[in-house]
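Working notes, beginning with the structure itself.
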Amino acid sequence: MSAMVYLVGAGPGDPKLITVKGKEAIAKADVIVYDRLASPQLLQNARPEAERIYVGKLPDRHTLTQEEINQLLVEKAKAGLIVTRLKGGDPFIFGRGGEEAESLVDAGIPFEVVPGITSAVAVPAYAGIPVTHRDFNSSFSIITGHERPEKTESSINWEKLATATETLIFLMGVSNLSFIVKQLTKYGRASQTPIALIRWGTRIEQETLVGTLSDIVEKVETTGFSSPAIIIVGEVVKLREKLSWFEQKPLFGKRILITRARSQSSELAEMINELGGEAIEFPVIRLVEPHRGEVFNEALHHISDYNWVIFTSVNGVKYFFDRIRKQKIDIRQMTNARLAAIGPKTAAALEEKGLLVESIPEEYKAESLVERLRPLVKENDKILLPRADIAREVLAEGLREMGCDVTEVDAYDTKIDATNAHGIVKMLQRQQIQIITFTSSSTVRNFIHAIRLATTDIQTVLQHTQIACIGPITAKTAESLGLKVDVVAKEYTIDGLVQAIQTL
């Protein structure tokens, strides 16, 4: 594909509010030029080799000037690259996308505009404030709250604007709030008109401050409320008390670190996000094919000899059937084997293969599975136990004590993945992560190993962060490594872990 620049609206902050076309533009880009209001999670959709250039702006300082950003887009495109310019909100609503587009036209570079959901309507919606409601208004205005600093006169006609529409929405106006309030009241807005400031809207840091034109400036000064925030003025603000929904979610305000392998993390991340939290993936485990694969192959080629096959994880099921397929073994040879699983998720994975599980313990751990199997297995039963290379020996030893012939095979190996350890440590130091989840003893050990690559002072780094474990075995491992465990799931499943997190 030839050079192209995509001017993409990234939405107001929640990474799921980007459009499908915007996500596609990120995925195909050679270069991504992004600002501070675009969610960093969106960059996960980029190709690993894509160049990432941050050009974020603050009210008092810029990484690059707008002219330099324009030139950057032109230079990268002239080099024959696909450039995605990722901008918060919508690129053509006070996003200077028009200026960037003009520069591209002047340079003869093709471009496309991918509209985004503007914060002007999305942020109030997340705060429980509809920008229109037939009981309160039939029109609204969107106004910049931060005009060009070199202007000697405002281009806003305050005399007409103040009462032109029932609802007024100012973007980027916190630093000019006092001036905005004075102009509105000077030209006819009642001093008791409701007003709301919404900071970091649609994100877990969302904060809403409500008042009236008469007291909002004092409230901002008292609370230290700061940008980035939007300002909404009008009677619709009164609906917030009734319609607030986002800030009522059980995990709102909590950023939660997931340490599961990337292939496993999606279910947990989705549940956290649905409950109003923000899941940050730090997959300290990477699952790979077993290095002792020939032992696994040998056991599978004698699958008809086994009286039981016992699975202790969903991963074990996956790698078992992957290996069966690669070895071209007919699953019908397994007809003599009865099946046991350590928990309902593992059982469900087997049922998806058309196999019914005979035994699941009430507590989803190896010790309980041993007791569950005690009246079912017979002396000299041949049992195949496909599991992780670092699995505990409790289950195998318990079955051997019953006189069973147990064959343990490594269905998969676990490796440490310390990618982005320095970034995670920085977030922990800034108290940007409230909870860390551990779903196995290996996630605990690998997490500690990864963090030690970035800092030697683990206790200080974690002092403001709570820890949640999926079960007592995992918790015991965490405590043995010097971590303070704040909650342990009552049911040793992902559902149980999410329930436990909500109690913190």
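Coordinate-derived values only; no laboratory data. No experiment lies behind these values; they were computed from the predicted model shown. We place every Cβ from the backbone using ideal geometry, glycine too, and count neighbours over all the protein chains shown.
Quick notes on this one:
- Tensor-based shape of the stretch 288-413 (alpha-carbon gyration tensor, a/c under 1.5 rounded, otherwise prolate or oblate): rounded
- Each Lys and Arg Cβ is given +1 and each Asp and Glu Cβ -1; about its Cα centre, the stretch 75-116 then shows a dipole of about 160 debye.
- Only one residue of Ala50, Leu17, Leu64 has its Cα farthest out toward the positive end of the dipole of the stretch 4-117, where Lys and Arg carry +1 and Asp and Glu -1 on Cβ, and that residue is Leu17.
- Within the stretch 482-498: backbone nitrogen closer than 12 Å to the Ile448 label point (7 Å, Cα to C-beta): 482-484
- Residues Ala190 and Arg134, FRET efficiency given R0 of 25 Å [Cβ-Cβ distance, rounded to 0.05]: 0.75
- Annotation: lysines with alpha-carbon distance below 25 angstrom to Lys378 (same-chain offsets under eight excluded): Lys365.
- Positive dipole terminus of the stretch 4-117, leading residue within Ile26, Phe94, Ile109 (C-beta point charges): Ile26
- Point-to-point label distance, Thr455-Gln429, nm (Cα→Cβ direction, 7 Å offset): 0.7
- Here the stretch 84-144 and the stretch 235-304 have alpha carbon centers that stand 31 Å from each other.
- Contour excess over end-to-end distance, with Cα ends at Ala348 and Gln248 and 0.36 nm allotted per residue: 32.7 nm
- Answer label, with semi-axes √(5λ) of the Cα gyration tensor in Å calculated from the coordinates and candidates [x] 41, 22, 22; [y] 35, 30, 22; [z] 54, 27, 20: [z]
- Counting 0.36 nm for each residue step from Glu24 to Glu241 and taking away their Cα separation leaves a gain of 74.4 nm.
- Cα centre as origin, Lys/Arg/Asp/Glu Cβ charges: the chain dipole, Debye: 260
- DSSP beta bridges in the chain [antiparallel fraction, %, rounded to 5]: 30
- Distance between modelled label sites at Ser154 and Gln333, nm, 7 Å Cα→Cβ extension: 8.1
- Length gained on full extension, Ser2 to Val105: 35.5 nm, using 0.36 nm per residue less the C-alpha separation.
- Estimated inter-spin distance, Phe179 and Glu401, nm [label 7 Å along Cα→Cβ]: 7.8
- Simple rule: put +1 on each Lys or Arg Cβ and -1 on each Asp or Glu Cβ in the chain, find the dipole, and look at Phe179, Gln431, Ser2; the Cα lying farthest toward the positive end is Phe179.
- Computed about its Cα centre, the charge dipole of the stretch 150-277 is approximately 180 debye, with only Lys, Arg, Asp and Glu carrying charge at their Cβ.
- With contributions of -39500 (n - 2.57) from each DSSP H run of at least four residues, the per-residue ellipticity at 222 nm computed over the chain stands at -9000 deg cm²/dmol.
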